[in-house]
Structures are given as structure tokens and as C-alpha cells.
1. Using the basic label-point model (7 angstrom from Cα toward the beta carbon), what is the B:Ala127 to B:Ser180 distance in nanometres?
2. Binning at 5 Å from 0, report for the range A:213-361 what percent of all alpha-carbon pair distances ends up in each bin.
3. For the range B:148-203, what is the convex hull (Cα atoms) projected area averaged across all directions, in square nanometres?
4. Would you please give the FRET efficiency between A:Thr259 and B:Gln513, computed as 1/(1 + (r/R0)^6) with r the Cβ-Cβ distance and R0 = 30 Å, to the nearest 0.05?
5. Please report the net charge: other residues with Cβ closer than 12 Å to the Cβ of A:Trp337, K and R +1, D and E -1.
6. So how far, in whole Å, is the C-alpha centre of the range A:346-423 from the one of the range B:352-380?
7. Between B:Ser491 and B:Glu298, what FRET efficiency comes out of the Förster formula 1/(1 + (r/R0)^6) with R0 = 25 Å and r the beta carbon distance, rounded to 0.05?
8. Taking neighbour counts of Cβ atoms within 10 Å as a proxy for exposure, in what order, fewest first, do B:Ile428, B:Ile452 appear?
There are 2 protein chains.
Amino acid sequence: MKSRGYYVFNGAVSLEGKLEQVECWGETGDDVFFNQPFEALHHNMHVSYKRCCKWVLVLGLLLGTLFHFWGPSSNLEEDLRPRRGSAIQALLSGKIYHIMSDYSEIPYKVKENVARELAQNTCICLAGEETFHLPFSDLLFPRVWAHNLQHAFLETRPDPDNVKNHRAEEYHHFQKRSYSPVDMLIIAEANNPLQYPTQGLEVQPLKTVIIPGLGLRQEDRGNYMFETEGHQSFFTIKVGHRVVPKLYNSGQSEGYNITSLVTIATKTFLRYDKLKDLIDSIRQFYPTVTIVIADDNEHPQPVTGPHIEQYIMPFGKGWFAGRNLAVSQVSTKYVLWVDDDFIFTANTQLEKMVDILEKTTLDLVGGAVREVTGYTATYRHKISVEEGGEDGNCLHIRNGYHHVIKGYPNCVVADAVINFFMAQTDKIRQVGFDPRLSRSAHLEFFIDALGILHIGSCSDVIVNHASKIKLPWTKTEAQKTYEKFRYSSNSANNDLHNEVFYFKNRFKCMTSQ
Amino acid sequence: MKSRGYYVFNGAVSLEGKLEQVECWGETGDDVFFNQPFEALHHNMHVSYKRCCKWVLVLGLLLGTLFHFWGPSSNLEEDLRPRRGSAIQALLSGKIYHIMSDYSEIPYKVKENVARELAQNTCICLAGEETFHLPFSDLLFPRVWAHNLQHAFLETRPDPDNVKNHRAEEYHHFQKRSYSPVDMLIIAEANNPLQYPTQGLEVQPLKTVIIPGLGLRQEDRGNYMFETEGHQSFFTIKVGHRVVPKLYNSGQSEGYNITSLVTIATKTFLRYDKLKDLIDSIRQFYPTVTIVIADDNEHPQPVTGPHIEQYIMPFGKGWFAGRNLAVSQVSTKYVLWVDDDFIFTANTQLEKMVDILEKTTLDLVGGAVREVTGYTATYRHKISVEEGGEDGNCLHIRNGYHHVIKGYPNCVVADAVINFFMAQTDKIRQVGFDPRLSRSAHLEFFIDALGILHIGSCSDVIVNHASKIKLPWTKTEAQKTYEKFRYSSNSANNDLHNEVFYFKNRFKCMTSQ
């Protein structure tokens, strides 16, 4: 047995503790073990070191010793090409077809109201219908817009067919690499006398475990040889290292020590005055918390002070590159993202965010940002993906949240939140911020986070937003330059967003409110 | 049914397409649906919007409409505390005990040679025995050293018991958070007339799927009501978003376009001359590849040129912080790590590394570093973790590799390699470089990578190492300062390493050659 790969283990068990015959396929192409008898009720993967050199005994002994200490662990080769069409799968597919078609004589049908809910083969890129046509109906009942990403992106390419093919190829590789035998459909055959662990088991490379629960239940016989009238059962054995934990030593204290648990991260560009206000406001409430600043100004000014770390980036490298940089430098369990124009107040109680992250399965929790007008935003959104076939899937973004969190009446579960949030450092790094997104971007992070981060939003942790209300003639030069960078929408930027959604995330359509 | 959480679904199926009785438990504590009859052969999770306001019809209609568009998706609460001891698991445990103890009357025993290989309850922190005592035996047969991390770290703490408790607490939280019902042991009972998908299925939140393969196989009856003589089967339904792909558009070309596929990343400190040599050598072979440089010098000098990005860090922030920063800025599919004193030659063929990463399941592939003496190192190591009980596990590091890779005769699979490697950008970011490790560190990354990265090493992709051979009186000031930082071993640094292994990774012992 090899040290890597997935195996499907087919065993008829002799209840004298002897596995009479085992067919064991390696997903790594190791056909050597096909139909090799096993002699023990276990999954032993030691490679035998029995090499014989009989003609020169001393030299042979020395060679043998040297080989043992210096030689390769194994001269056998492993085929590491990702494969999906192995012999075992062909066998399984045949089996499942047989099991499921056996019901053809017993009529059943799926109810109408169920069939309606099933996913169509391919999603259609349609905007929502306007249900009411009243004054202010757009305000009361926000319309849904559909953006056909496939057209938008491909029509700007000189070679759209090549792009489509390239994406299909990359997706195919992605599927092969991320495929796991635990995703296979295996149906337990009814009335099968074999007993086995259905969810399979895991074993570390070159280690031995006993497979739990293997058994054969038939009428008593004198002699238990391999004879089960052709019954087969399948389960997966995952061979691989277990992931090593990453635990954070935040010391022991009454309550939450924010300095040892949280790092505050931000990116700054052309707003050193606002950044200074942010830092001053943080220090009123958290005098020793570390603040990490990613800075891509053309002419950076030093930002100094205890527990402040400033990182200078190439000029204009951008928004998400800065975010990815800042979180890459965090060494506490949690990271708090803030914009450089936020102001902490007595309502910005980071302990509340730490509490919900410590006590629930949330990986990230957003707060609320209060504008100078008093309007407070949480920017909660729900995201869903609809299957779309070869051309890609459909992405749907809607305002709102899923449900309230028990024990935290001001907190809900959503798929995207506002740009003021605290997250598990390791989890947020696992998602990452795509460094190509240099100008405006927000939901792209949450789309990348789907299926990885469990996201919440609490409306009772509030940070203030420095005033944006400025009469045009009172704006400073810096402010005007900032707005030029921040709010200018150019075709290159749109093109980049289309590419990210169409190519990277493989969507053909996006609908949102 | 809720939009989040795991369910174990227990169904007796009526073959008229009616699920007569279903017991459905939410891992999210939703006992509301316990024993609620289901009426369709599917897993429908829509929440009903039926709210009745009968006394004021118009107002009621308006309220109803507003609620539909504005209201929360659901007023029901979800308990998000991670739990492991739910009712369903109690039921399962009882079932498994019953199944496995039913064999008590049929004797079997585990063979000696198997029992020997099974993991002991707790690993023991022992150095390897010296097998041969010959001249140069340490050279020929490297000894194994054991480092008792528990003693080494705790004896420097003023409050070792508190530290132990804190670590146990953090580990307990980590286990609860990373626990998944697909890890549960479920044994398929023999001769069970129920048919079902053993590896469970996945469904996205608020979507509907048909559960494949459900069935009941008994002798023909006129009336198929719920009557299976007490049989139960269990399988998991995972409710959650599917992860969105991250595909890279590297254009289409004959062969591998290194510029669009690879970014070269490095960290520099006090060696601008060597860095310049590195960049010049890269440009000879790859004139347009992007080079990302993390720089934590006290007095940074600008490093400029086309396709060069320099990032200035706080002084002395350190080695792994710099590595994490550099890889956080990469926007190509692959990233190549190099030290700032490497020299590219005609043997440094990055195409070979790209090829093996494109065509196999490897996530990272190391190369070889050639010293000026001609000695070429690949630094291949094998890593394994042995269970250790409450005090933590034992980490074992040995020289060597696992096996050769088919189709790539100069390449092998290992668990750690030298500091010259190419990796899938997203996968390497998923592991990350711990920014606390400021001085010497190397294997820590590979320990964090266990179970996440599939690692290889090819001896035919070679980079040169700038000469280190200097007579003491010819060393420059910069060189002396560098060596002071790089090679000084102080107790603070040792303490940090002990903390990382003992607390963060939860080891009690480390053995290595």
C-alpha cells in the first residue's frame, strides 16, 4: 500500500480474523496490489525491505545496511496525475446503475411542487420582473438587475473562443485536482450481509489502523470462507497527513484581552489626516492594540507610534493588494478590518465581536458604520450560485440576511457584510483578497469566501464614518485627487471586474439589486 | 429545514414516492422539525411565508407585501454554538455499540505483527538508539535527537499550569470548530433493507435536490407503509455553499508563458549587492517575469526596474513576515520562492517546475541549490506526527523522501524541501508563513503545510547559491551585520520556536536527525 492516494477497499471478511480476499485499488494507479491477498484484518501500509543479496555475504550485508539508512524509502513509482476515470469508478457506476434501475418495476413520481424547485439544467440570465409599477417603486421594491458577464467580457476579447476554451481547460484541471473520492456517490445496497464503516476512515501515511466495524452477517456456518453470493460494498480510505492545529496563545485574563487577541488592519491612500484621526480614536479605547497600515501613496509619510506598523507598497498598487498585505502581517487570533476614515467611539466595543467569534461557528462578523447624518449601514447581503452548465454559473446577490443568531439578538447570518468586520486570521487568509483588484471592490471577497467563511453581522458594534459632506469649493487638493482615484470608473477597471467574475470565478451572469 | 448546519436524515421510504415518516435533526439545535412528517421524496428547505392578517385586509395586504420585500428571510433563530454531543450522536453511538458488540460470540483476534504496528496510546519522547558504534558512525548513520518541547517551554513560564490549561482550552475549541459530521463513524448494519447514499450528499442553502438512491427492499406487499421492523440507517446531508473556483487566465501560448504563469518572490535584508546579482541573473533568462521583493532593512534603498515591486516593511520585522508579505502580492497562478543570494543559470528551468505542477496533483515542488563547491542540496525531509494524548503529539522529522514520481524520474514526493520552490499561489497562501518567525525558520512552514500541500522535489531544476566562502578579514561590514542577525541564536528566539511547536502546533516532543 502506498503513502498517498485514495483507495476503495472491497473486502469479504473471514471471521477468524483473516481477510480472505481483498481487492484494493489505488487511486494513484498502483495496480500492483490488485487482487493481492491480505493476511490481517487491518490496513497495513509498510513497505517491505526484503532485498536479498546472497552471493557476497559481508558486502551484501553492508550494502543492505547502507541501503536501509541511505536508500530511497521505496523504488516504486507513483503516478501523480489527477485521474477520475479509474477502474474502481467504472465498477461503482455499474453497481449504482444496477441498484437504482432495479426499481423500474415499482412506479413512483416526483411531486409537482418539488419538481418545480429543482435546479434547471442551466440558469438563464434574466433581470427580475417589475412586480409593482408605482411611484417610488424602485425605492420600495428594488429592482433586480442582470449583467451578462459572458457577453460583456468576451466581446472585448480579440479571440473570444480561445478565452472560452482556456477557461474550460482551467476549470477541468481545477475539477480534477479538487475531486475527492469522498464526493463519489456510493449507494448502500439493501439486504447486503456485509457490515462496514460507510463514511470511510482516515489513516496517516505509513501508519496502521484497524478498520472498525467490518463484519459479515449470515446464517451460522462451520467454515467462513469467501462466499457471499457476489455481494460487494464500497467505502473510502483516505491516506494522508492530518492537519496540524494552529492555536493562539493569548494569555489568560478575566474577560477578553483585546491587545493579545486582535490586530487592527487598514489601508491608507492620500488621507493621512483621516488616518491620524482613526488612530487617535482607537488609542482612546485600546491604547496598546497593534495597528497594521498598508500604504501605497506616491509620496509616503511616516506614520509612527507605539504598536503601529506601516508597510510601504509600490505607488497605487491598490485596494485589495493592500488588504491582503495587511492581513498577511497579523499574528493575533483575530484581525479587525477598518477603513482609514473610520472613527472609534464608545459604541465600538470590539469585545462583543470577539465574544461571538469565540462562542459560535462564525469565522467573520461585521459591524455597523454610522454616517454623520445618523444613518447606520450594515450592508448585509445574501449570495447564491445557480448551476449554469458549460458557459458558467449564475451569481445572485440580494439585500438581506438569512436568520438571527440565538443568544445574540442584534446579530444575524449573511453572506456579505460591510467593510468593518472582525475575522479569524487564519480563515480570512485562507480566502485572501485578490491583489489584482486595485480600485473599487468589495463583494468579490465575499464571493471568494462562499463555502469557506461562516459570516455574521451585528448591528450593535458601531464605528463612525468621518464626514464625507463637503461643499465642492471647500475640498482640498488631496481630497480631489483621492476622489479621482476612488470614484473614477474607467473601462479598464470594468474589464477587470468582468474578467474576475467571468474567468476566475466562472460565472456567465450576475444578478443583483 | 434551515439554511445552515448538518442534518442526519433517517428515512423509511414509501415507494409511492411518499416519505411516510422522517426524523430529521438539525445540528443547529433545531428540534422544531423532529418527527415532522414530510410529504415529498426530497430535501426541501423553503420556509413558508404564510402570515395571516385577517382583520384589516388592505393594510394586511400592504404589510404582507412590505414584509415579503423588506422583512427578514426568517424570524427563526439559529443556535450557532459548535456542539458535538447532540441527540443524534447519542443515538448513533448506541447503535454502533449494538452492532459491534453483536459479534462478541464469534471469536477473532488481531495478529501480533499487526498489533505491534498500531499506534500506542501516547508517544514517548525518546531519541533513537545508536545502532552502530563505528568511526564516523554519526556521519554514516545520523543519530536521531529528541527535544522535549513540553519541558523546554513550560519551564520558562512563570505559570506553566495556566499555559497548559489555556492550550487545552484552545485545542478543545479548535476541535469543536473543525469537527464535521462527515468525520462521524457510521457503520452500515448488515441485512438492512434500507438503501441510501452512504457518503451523504450536499445541497446549497435554500435549494432543493432529490436524494439519490433511497429505497426499501422487502418482499412484495400490497401496501407500503412505514414498517421496517425497526431498521435505521444514517447518512449526512451537508448544507452549505459550494466553493467558487479561482481560475487563472494566463493566455494561450505554445509551451509555458512564464511571465503570465509565475511571479518570483523573495525577501531581502542587508544584501542589496546580492539581490542585484539575483535580479540580473533572472533577467538573462526571464526578462519580463514579475519579481516581488519584501524588504525590512533599517535604511531601505530603492530597487527599481521594469516588473519589479518592492515593499518596505518595519525594520527587522523578519523572515517569515517578509515571506508572507511577498506571496500576498502575487497575482499569477504560481509563485517561485528564491533567497536573495541565489543566481539563476541555464539549469534554472522554471518550465520544468510549471510542467509538473500543471500535470500532477503536486501543490509545491522544490528544486536544488548548488553551492560554489559543486555540492547540490535538495533538503528533502519526511515528517510524521504520532498521537500523544493530552500533553500533545510527537513530531518526527527524518531525512529522505517517500517515492519517485512516475514520468518525472528526477522528482520525488516528500514532506519538506529546500528553500527554492514553486507553488500554487492559492494553496501556499492557504498555509501561510507565520509572521512571528523573524529569524531562522524553515520546517515550520512545512509542518503547517501537513495535510494541506502535496509536496515534491526535482533535482534537475538547479539554482546557484552565491558564494559564502569568505575569509574573516575580507568580510564587509554589511556581511558581518547580516551574519549577526542571521546566525545569532538567542534565548528569545529559542523560546519563540518552543512556543510555536508546543502551543501553536500542540506538540510535546520533536525528534529529528
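1. Between B:Ala127 and B:Ser180, the label points sit 4.2 nm apart.
2. Percent of Cα pairs in each bin: 2, 7, 14, 16, 12, 9, 6, 5, 3, 3, 3, 4, 4, 4, 3, 3, 1, 0.
3. On the way: hull surface 28.4 nm².
Across all orientations, the range B:148-203 yields a mean hull projection of 7.1 nm².
4. Numbers: r = 40 Å, r/R0 = 1.33.
The pair A:Thr259/B:Gln513 has a calculated efficiency of 0.15.
5. Numbers: positive: A:Lys267, A:Arg323; negative: A:Asp339, A:Asp340.
With Lys, Arg at +1 and Asp, Glu at -1, the neighbours total 0.
6. 43 Å
7. Calculated transfer efficiency: 0.60.
8. Values: B:Ile428 26, B:Ile452 18.
Ordered from fewest to most neighbouring Cβ atoms within 10 Å, B:Ile428, B:Ile452 come out as B:Ile452, B:Ile428.
Since every read-out is calculated from the coordinates, none of them should be taken as a lab result. Predicted model only: the values in this text are computed from it and were never measured. Note: ideal-geometry Cβ built from the backbone for every residue, glycine included; neighbour counts use all protein chains shown.
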